[in-house]
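The values are calculated or read from the model by the stated rules, or taken from the named source; none is laboratory data. Quick caveat, the model's predicted, so the values are computed rather than measured. Counting neighbours? That spans all protein chains shown, and the Cβs are built from the backbone with ideal geometry, glycine included. For the accessible areas, the whole protein counts, side chains as well, though only heavy atoms, and no ligand, DNA or RNA atoms are used. Shrake-Rupley method; radii C 1.70, N 1.55, O 1.52, S 1.80 Å.
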Amino acid sequence: MSRNGNILKNLDWPTIFIFLGLTIFGWLNIYGASYNFEQSSIFDFSNRAGKQFVWIISAIFMGCIILLIDAKTYDIFGYLLYAIMIVVLLITPLLAHNVKGSYSWITLGPISLQPAELAKCITAIALAKFMGRYEYKLRDWRDLIIPFAIIGLPMAIIMILQQETGTALVFAAFLLVFYRQGMSGFVLLAGVLAVIVFIIVIRFSIWPALILLTICFGIMIWRTWKIKRYYKWLLLLAFIAYIGYSAACDFVFTKVLQPHQRIRIEVLLGMKDDPSGAGYNVAQSTIAIGSGRLFGKGYLQGTQTKLRFVPEQDTDFIFCTVGEEWGFVGSAGVLILYLIFILRLIMIAERQRDNFSQIYCYSVACIFMTHLVINVGMVLGLLPVIGIPLPFFSYGGSSMIGFTLLLFILLKLDATRVEKLH
């Protein structure tokens, strides 16, 4: 009882205040995005703002329950939670209905839930449990096999069986956690190079990609000429693998990706101009944001949103409502608040005393950062439209609860750190 009695004292209250600020402002913007001139109250439970209020209260209540649970519970039952999550992800496509080509939503009466949103939290717990062991050290690529499998299994199920590409791609955020724990920067460099090669092959042809690869690997071999022969063979094998990857890019793009995914990439890369089709969302979103100018049109005064020009304007494209009604100043303020929030999470991760807590906290920070960058990037037309929510802003119960669980488990672990210091 004494430990729970000190929980309010030990909580990181600045992070909680930022969470509440983002949540409340997000709720106001959901009302602004879904508002029509016949609505009278933000608490009207027949519209999305009223429903989101219920989800916010439910999420905060669940967060408070989490603060009362012993922090050791997440470490002890990490693998069990992960196994249950995998089973739920596997049966979801059997129970789900087709929602815009995705089979990731389970309907329980009047409520629709997306288990994939909760999978990020449980995967972070399982990853922290495995990598947080005292005897675990990240020395070479063999030490990454099981962590990659922990991340890759739910990612593959969500992408292949549930056909929810956007949510699956968020799991790539865990690569940043590996880098913080000692993974070689060459792995991240390899990932960036793979993206660049893919873009060059799709946008131009395979030959410019091969020239780029030859130059890159030539420089690496020249810079590492005096290293062991073992590493030279690895570089040579990597070069051959990238050549094969370059040849496979066109096949993946034309045969593996869905038509709507291909057209989004083609529009982003300037290969096609489709303002009334695949490029419609981004075109209307940028118009809405640009029309807000410096200070915006005023709350509930956005014409693009009120006239429903922007699809998904209270979910994936909620940031365009901020831009139109609050202008550049409001948009910049939201991004600065998110930046402070993420930096705060990183600071909390750095001060943890045990590996489990530190790895989990870094996972949370990377997930929030990835959601922010991808969501804002696609709304501004800088990234393909893949449909992931903006944390605490986008309408949706699954995302609201998922993000709140991620955060409040982090807060509980951090509060336990304070207790250990005493």
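Worth a mention:
- Test set (1) within 29 Å of K72 (Cα to Cα); (2) surrounded by 19 or more Cβ atoms within 10 Å (Cβ to Cβ) - Q162 fails condition number: (1)
- Qualifying residue in the range 155-166 (condition: β-branched (V, I, T), under 22 Å from G381 (Cβ atoms), in contact with a strand residue (DSSP E or B) (Cβ under 9 Å, 6 or more places away or on another chain) and in a helix (DSSP H, G or I)): yes
- Count of the range 106-117 residues, restricted to those that are in a loop (DSSP other than H, G, I, E, B) and touching a helix residue (DSSP H, G or I) at 6+ places or on another chain (Cβ under 8 Å), is 1.
- So Y79, is it more than 22 Å from A415 (Cα to Cα), assigned to a helix (DSSP H, G or I) and either free of Cβ contacts under 8 Å to residues at least 40 places away in the same chain or not hydrophobic (A, V, I, L, M, F, W, C) (or both): yes
- Restricting attention to the range 76-96, the residues being touching a Lys or Arg at 6+ places or on another chain (Cβ under 7 Å) and open to solvent by less than 60 Å² (accessible area, probe 1.4 Å) number 1.
- Of the residues L94, L89, the single one that is part of a helix (DSSP H, G or I) and in contact (Cβ under 8 Å) with a residue 12 or more places away in the chain is L89.
- Of all the residues in the range 129-178, those that are more than 16 Å from L118 (Cα to Cα) and not small (G, A, S) number 26.
- Listed by position, the helices (runs of 4 or more DSSP H) enclosed by the range 241-339 that each have at least 3 residues that are open to solvent by 40 Å² or more (accessible area, probe 1.4 Å) and in contact (Cβ under 8 Å) with a residue 40 or more places away in the chain are 259-268.
- Meets criteria (open to solvent by 20 Å² or more (accessible area, probe 1.4 Å) and hydroxyl-bearing (S, T, Y)) for T370: yes
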